[in-house]
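The values are calculated or read from the model by the stated rules, or taken from the named source; none is laboratory data. In this text the structure is predicted, and so the values were computed from the model without any measurement. Note: ideal-geometry Cβ built from the backbone for every residue, glycine included; neighbour counts use all protein chains shown.
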Amino acid sequence: MSAEFTYQNGELFAENVALSDIAGTFGSPTYVYSRRHIETAYRNYTDALAGMDHQVCYAVKANSNIGVLNVLARLGAGFDIVSAGELARVLAAGGDAKRVVFSGVGKTEDEMAEALKAGIGCFNVESSSELERLNRVAGSLKLLAPVSIRVNPDVDAQTHPYISTGLRDNKFGIDIKEAPQVYARARDLEHINVIGVDCHIGSQLTDVSPFLDALDRVLLLIDELAGLGISISHLDLGGGLGVKYRDETPPTPAAYIGAIRERLGERKVKLLFEPGRSLVANAGVLLTKVEYLKHNEHKNFAIIDAAMNDMLRPALYSAWMDLLPVRPREGGANAYDVVGPVCETGDFLAKDRELVIEEGDLLALASAGAYGFTMSSNYNSRGRAAEVMVDGDQVHLIRARESLADLMLGEQLLP
Ligand SMILES: Cc1ncc(COP(=O)(O)O)c(C=O)c1O
Ligand SMILES: N[C@@H](CCCC[NH3+])C(=O)O
């Protein structure tokens, strides 16, 4: 957790606001974000990049609420998007299209056209077919598409296999060995303007060495391209820097970027990053209430009002996320499996946690600001949670809790 979530007089606060007050006003489950945390995390990157030509492009998929995007847009952030939906959010939040990079292996023609018309800064192209398609779409609009090729450097990010993206077996990017041919083809295409190289090797990395291995391979490619007369002015190293959920010790942005600067030496490139998790994970908690306590011979269950549809990470990756009582109690703890109301055995948010709790108590699931709400669903016809942003002693509702009418929006009876 972060410095913005602290116990004050025996209860948990977000900045200067008691979480119990937020639950009183907005109910639960509710995602609670700290504006100050997001701003500090962003500045940790930009401060480390001072003096270099750079752009930090926040990975919208981590948390795409327009209130969150707006906080970053006001700081001058760029954005990494993977769909027309994310582009629409960035523009609605006041983001600058020129600072947008568009990643993803499956861009449709319509998405390309939308992004070209908006004037985005760069397409991170992930296959030869995509390159040809982008050239055609740009041609039909009489536009020139700025392009980076996303290369797959085949390095092991040493993270969970579901969130590792830079291995040859992963679907992402173009095999770095084939990249020179793709660049040569791109150079010859009339509506493509090759500006850069991009790579993103995975998420929740807690060591700099895989990043540096990838960088070494990308720098060799840049040199090889220079030999072919293709000059690269934009180097996008993706996102992936990890955060502390439990006892991980990820490098700080300063240490990570310091190591990269050292490796780059005198090269003159604009450096781009696409951090998601490291900007927002520890900016948020999921506030939830204990509905029932249930005991059997072998187990104690705490049944809460948040579920896997609100926060999928524990069910999907067996992710461990800290769980904190909003008003800690004295007394003997019991070990609980903390589960939601969804009809799946995999519906748990925490297992085997020592807690002193009673029915009606509030809990805060920590580090929930990234890949929480954005991966939520309406499974079991549960309305999605409210989202609020705390700013000092102010609380702003940035997404209302979904109503029963919202759940059936767009659905119709047969005639
Ligand atoms: C292309 C790309 N860029 C950036 C990110 C953001 O990653 P992270 O949240 O780990 O910083 C991802 C997700 O892993 C991604 O796929
Ligand atoms: N959703 C993942 C991260 C995926 C990264 C997407 N490129 C998580 O919660 O850890």
All-but-one check, residue 110 against (1) surrounded by 15 or more Cβ atoms within 10 Å (Cβ to Cβ); (2) assigned to a helix (DSSP H, G or I), failing number (1)
Expected single match for in the same structural domain as residue 178 (by TED's automatic domain parsing) and more than 16 Å from ligand 2 (Cβ to nearest atom) among 258, 242, 238 is 258
Just the residues that are in contact (Cβ under 8 Å) with a residue 24 or more places away in the chain and away from ligand 2 (no atom under 12 Å from the Cβ), please, taken from the range 296-312. 299, 300, 301, 302, 303, 304, 305, 306, 307, 308, 309, 310
Working only within the range 313-333, note down all residues that are of a type outside the set (Ser, Thr, Tyr) and touching a residue at least 60 places away in the same chain (Cβ under 8 Å). 313, 316, 319, 320, 321, 322, 324, 325, 326, 327, 328
Considering the range 317-326 alone, what residues qualify as being in a loop (DSSP other than H, G, I, E, B) and under 18 Å from residue 30 (Cβ atoms)? 321, 322, 326
When only residues in the range 98-107 that are more than 23 Å from residue 35 (Cα to Cα) and either of a type in the set (D, E, K, R) or assigned to a helix (DSSP H, G or I) (or both) count, which is nearest to the chain's Cα centre (by Cα)? 107
Can you work out which of the residues in the range 231-251 that are farther than 18 Å from residue 56 by Cα and surrounded by fewer than 16 Cβ atoms within 10 Å (Cβ to Cβ) is farthest from ligand 1 (Cβ to nearest atom)? 231
So residue 292 passes all but one of these: (1) closer than 25 Å to residue 38 by Cα; (2) loosely packed, with under 14 Cβ neighbours inside 10 Å; (3) touching a residue at least 40 places away in the same chain (Cβ under 8 Å). Which condition number does it fail? (1)
For the list (1) out of contact with any Ser or Thr (no Cβ under 6 Å at 6 or more places or on another chain); (2) within 14 Å of ligand 1 (Cβ to nearest atom), I need the number of the one condition that residue 228 fails. (2)
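One line per residue, one yes/no per condition, for (1) part of a helix (DSSP H, G or I); (2) at pLDDT 95 or above; (3) buried (at least 20 other Cβ atoms within 10 Å of the Cβ):
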site: 328; (1), (2), (3): no, yes, no
site: 336; (1), (2), (3): no, yes, yes
site: 345; (1), (2), (3): no, no, no
site: 352; (1), (2), (3): no, yes, no
site: 371; (1), (2), (3): no, yes, yes
site: 377; (1), (2), (3): no, yes, no
site: 389; (1), (2), (3): no, yes, yes
site: 396; (1), (2), (3): no, yes, no
site: 413; (1), (2), (3): no, yes, no
Filter the range 55-89 for residues that are small (Gly, Ala, Ser) and within 13 Å of the chain's Cα centre (by Cα); the one that is surrounded by the fewest Cβ atoms within 10 Å (Cβ to Cβ) is 64
Being more than 12 Å from ligand 1 (Cβ to nearest atom), in contact with a Lys or Arg (Cβ under 7 Å, 6 or more places away or on another chain) and of a type in the set (A, V, I, L, M) is the filter here, so list the residues in the range 364-385 that pass it. 385
Kindly state which helices (runs of 4 or more DSSP H) lie completely within the range 1-81 and contain at least 2 residues that are more than 21 Å from residue 370 (Cα to Cα). 19-26, 35-48
